[in-house]
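The values are calculated or read from the model by the stated rules, or taken from the named source; none is laboratory data. Bear in mind that the values here come from a model prediction, so they are computed numbers and not experimental data. Counting neighbours? That spans all protein chains shown, and the Cβs are built from the backbone with ideal geometry, glycine included. These accessible areas exclude ligands, DNA and RNA; they are computed on the full protein's heavy atoms, side chains included. Shrake-Rupley method; radii C 1.70, N 1.55, O 1.52, S 1.80 Å.
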Amino acid sequence: MLPNKKGYFGEFGGKYVPETLMSALAELEHFYNFLRADRKFIKNLRFYLKNYAGRPTPLYFAERLSQRLGKAKIYLKREDLLLTGAHKINNTIGQVLLAVAMGKKRIIAETGAGQHGVATATAAAKFGLECNVYMGDEDIKRQALNVLRMKLLGAKVIPVHSGSKTLKDATSEAIRDWVTNVRTTHYVLGSVVGPHPYPMMVRNFQIIIGRETKKQILKAEGRLPDYLVACVGGGSNAIGLFYPFLQTKVKFIGVEAAGRSLSSGLHSAPLARGRTGVLHGSKSYLLQDKNGQVKIAHSISAGLDYPGVGPEHSYYKAIGRAKYVAVNDQQALKGFKLLSETEGILPALEPSHAIYYLKELAKRAGRNKIIVLCLSGRGDKDLDIIKKALGIKL
Ligand SMILES: *Cc1c(COP(=O)(O)O)cnc(C)c1O
């Protein structure tokens, strides 16, 4: 069972937080461990995932994409079809229901591009909780549409002016708020990062992706797939897909963002180019400079633009259970075009990284191999960036 009682996946994970947060994390862990086994809670969660968010999502055989790439059979797990357009809603509905059960009246969250902010504001609106979202000043300027969405959903967006004015700083601010208001407030973290129990809890809210996939592929093909492929920012959609297959022979491939390029230093690939360090309460691979200062991440896709990664991925890398590769901005754009033109699906830029990698994998994998790719979100949110990057004139 991963993680161990103290929240470690091998040497990674743990709880590196100020004393004032230890009791909050202990309370959260206590409630979560009770509720995860509580029939009523599970039934309630299932009800909203099905009737409100739109689960189960289809596992779709991408026939034209498969033909284009050659030999392998490629299936897409369609998280892009969910309410708010990505897998993030699986986690925010789970955590907001948890907050309600804990008697909390107020929700806080961090957001980079605004996708997790929107998913949190959605769940908070649905269950009637006050919602404050911390967002870097830079990101507020770049992601005006998501700021509008959050406001329309009744959330307050709090600008963060410190540091690089992006996700890393917004996360630090949210943690600070939580320390101050812990009695009334639940902090909805957006990925499998942060101190224990978050990496475990967020994973468990996302493993519905892998559980459904297992059933669906057995029904469609009568066997398990050969490869699972997913993009890795913090790593929640990837771990959600991978985890139910942990005890099988299925190969896991996580795709990080190589940004401009790995050698340029302007990337978001801590598993490929980082070193072990501590950020936002847990030990994991991390982008840092010679002096151990956290480096700013770069990626064309905002959802992958984070200098850290979930501790469970660091562990899978260390023990060789998963392979991690990196795909750069230009290649991700090619991945975007590839899926758009072969299947009529505009993917988000995050999974476009993973789609590009399919070109290499499908060639190497050989005839009749089965590949499942997590299509973590849809592309509407990225169209402006894509239009500029591809130089498209209307
Ligand atoms: C946020 C986001 C990601 C990255 O987050 P993970 O925790 O790594 O899954 C990936 N894809 C989409 C569409 C996102 O919105």
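Using only side-chain charges placed at the Cβ, +1 for Lys and Arg and -1 for Asp and Glu, the dipole size of segment 176-295 relative to its Cα centre rounds to 180 debye.
By accessible area, using a 1.4 Å probe on protein heavy atoms only, segment 145-227 has 57% of its surface on carbon and sulfur.
Along its principal axes, segment 72-180 has C-alpha extents of 49, 34, 24 angstrom, given from the largest down.
Taking all protein chains into account, the per residue accessible area for the chain stands at 42 Å² (1.4 Å probe). Here THR248 and LEU148 are evaluated by their C-beta separation; at R0 = 41 Å the FRET efficiency comes out at 0.40. Peptide packing for 21-32, 118-129, 364-375 was compared via the average number of neighbouring C-beta atoms within 10 Å per residue; ordered from the highest value, the list is 118-129, 364-375, 21-32.
Ranked by the mean number of other Cβ atoms within 10 Å per residue, highest first, peptides 296-306, 271-281 order as 296-306, 271-281.
Here the translational diffusion coefficient of segment 182-311 follows from Stokes-Einstein with Rh set to the Kirkwood radius across Cα pairs; for 37 °C and 0.692 mPa s it amounts to 208 µm²/s.
Can you tell me which of 219-232, 103-116 comes out highest on packing, and rank the rest after it, using the mean Cβ neighbours within 10 Å?
So the order, starting with the most tightly packed, is 103-116, 219-232.
Computed from the Cα positions only, the extents of the chain along the three principal axes stand at 56, 46, 42 Å, in decreasing order.
Within the accessible surface of segment 263-311, defined with a 1.4 Å probe on protein heavy atoms only, the carbon and sulfur portion equals 45 percent. Treating r as the C-beta distance of ALA318 and ASN33 and R0 as 25 Å, the FRET efficiency rounds to 0.45. Restricting the calculation to Cα atoms, segment 1-117 yields a radius of gyration followed by a Dmax of 18.6, 56 Å. Points 7 angstrom from Cα along the Cβ direction at LYS393 and LEU224: gap in nanometres? For LYS393 paired with LEU224, the spin-label model returns 5.4 nm.
Taking the C-alpha atoms only, the angle from helix 19-35 to the longest principal axis of the chain is near 60 degrees.
Per-residue 3J(HN,Hα) values for segment 62-76, derived from phi via the Karplus relation 6.51 cos²θ - 1.76 cosθ + 1.60 with θ = phi - 60°, read 8, 5, 5, 4, 4, 4, 4, 8, x, 9, 6, 9, 10, 10, 10 Hz in sequence order (x marks Gly and Pro). Where does the charge balance sit around GLY259 when Lys and Arg score +1, Asp and Glu -1, over other residues with C-beta under 12 Å from its C-beta? With Lys, Arg at +1 and Asp, Glu at -1, the neighbours total 0.
Couplings for segment 183-195, taken from phi via the Karplus curve 6.51 cos²θ - 1.76 cosθ + 1.60 with θ = phi - 60°, read 5, 9, 10, 10, 9, 8, 7, x, 8, 7, 10, x, x Hz in order; Gly and Pro are left as x. Full extension of the chain segment joining ARG46 with ALA26 gains 4.6 nm, where the gain is 0.36 nm per residue of separation less the Cα-Cα distance. Have a look at the DSSP beta bridges in the chain and tell me what percent are antiparallel, nearest 5. Among the beta bridges of the chain, antiparallel pairing accounts for roughly 30 percent.
Ranking SER301, VAL193, ASN51 by how far each Cα lies toward the positive end of the dipole of the chain (charges on Cβ) leaves ASN51 at the top. Averaging the Cα positions of each part gives two centres, and for segment 58-124 and segment 354-388 these lie 17 Å apart. For PHE47, the solvent-accessible surface with a 1.4 Å probe is about 110 Å², rounded to the nearest 10. In the chain, the DSSP-assigned H stretches of four residues or longer account for a calculated mean residue ellipticity at 222 nm of -13500 deg cm²/dmol, using -39500 (n - 2.57) per stretch and the full residue count as denominator. The dipole here belongs to the chain: it is taken about the Cα centre, uses +1 on the Cβ of Lys and Arg and -1 on the Cβ of Asp and Glu, and is about 1180 debye. Taking label points 7 Å from Cα along the Cα-to-Cβ direction, THR184 and ARG64 give a separation of 5.3 nm. Rg and Dmax, both from the Cα atoms of segment 27-90 and both in Å, are 17.0, 52.
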